[in-house]
Amino acid sequence: MMQPLLERVRQNPGNWASSFWSYVHVNDVAQACLLALTHPYEGHQIFHITSNDTSTELPTDELLERWFPNVPRRTNSREPRWSLIDGTRAEEMLGYHPQYRWSNLSATTDEHAL
């Protein structure tokens with residue numbers, strides 16, 4: 001299921017700028033839900049559950065330059081396709097670590113993403 005989505009992103013990345021090219025695999029969502037349900041915190045918390053990379057082959061800095069040229073940049077070293085959605089809080093509080101990246105999935109694999 002991911003392949004048609006990725007092909008649409010590849011054909012026109014600008015159409016996906018409003019989502020900041022973010023995605024998350026359904027198995028990672030399940031992992032995050034399980035972690036949230038079993039974590040011993042009180043009250044409620046808000047987490048961004050996302051992959052650590054983007055849904056396009058273009059480097060994130062290039063995406064920003066093309067579609068969001070006036071947005072200030074954070075300066076620190078990261079991989080070329082770093083996610084614009086910060087999932088650090090889920091990592092720190094829940095131990096959430098996304099396991100599935102579209103770039104590691106086979107074209108013949110029937111994997112799902114949100």
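With no solvent and one equal point scatterer placed on each C-alpha of the chain, evaluate the Debye formula and give log10 I(q)/I(0) for q = 0.09, 0.11, 0.15, 0.24 Å⁻¹, two decimals. Scattering profile of the chain, log10 relative to I(0): -0.26, -0.39, -0.71, -1.37.
With the contact rule set at Cα under 8 Å and sequence spacing of 6 or more, what percent relative contact order holds for the stretch 2-104? Once divided by the residue count of the stretch 2-104, the mean separation gives 39 percent. Test of understanding: extend the Cα→C-beta vector of TRP82 to 7 Å, then name every residue of the stretch 10-32 with backbone N under 20 Å from that spot. Residues passing the 20 Å test: 17-24. Using only side-chain charges placed at the Cβ, +1 for Lys and Arg and -1 for Asp and Glu, the dipole size of the stretch 2-104 relative to its Cα centre rounds to 200 debye. Histogrammed with a bin width of 10 Å, the alpha carbon distances of the stretch 1-49 distribute as 20, 37, 26, 15, 2 percent, first bin at zero. Residue by residue, the stretch 16-32 carries 3J(HN,Hα) couplings of 10, 4, 5, 9, 6, 6, 8, 7, 8, 6, 4, 5, 6, 4, 4, 4, 5 Hz when phi is fed to the Karplus relation 6.51 cos²θ - 1.76 cosθ + 1.60 (θ = phi - 60°); x denotes Gly or Pro.
Quick note: the coordinates plus some simple rules give every number you see, no bench work behind them. This is a predicted model, so every value here is computed, not measured. Cβ coordinates were reconstructed from backbone atoms using ideal geometry, including for glycine residues, and neighbour counts include every protein chain displayed.
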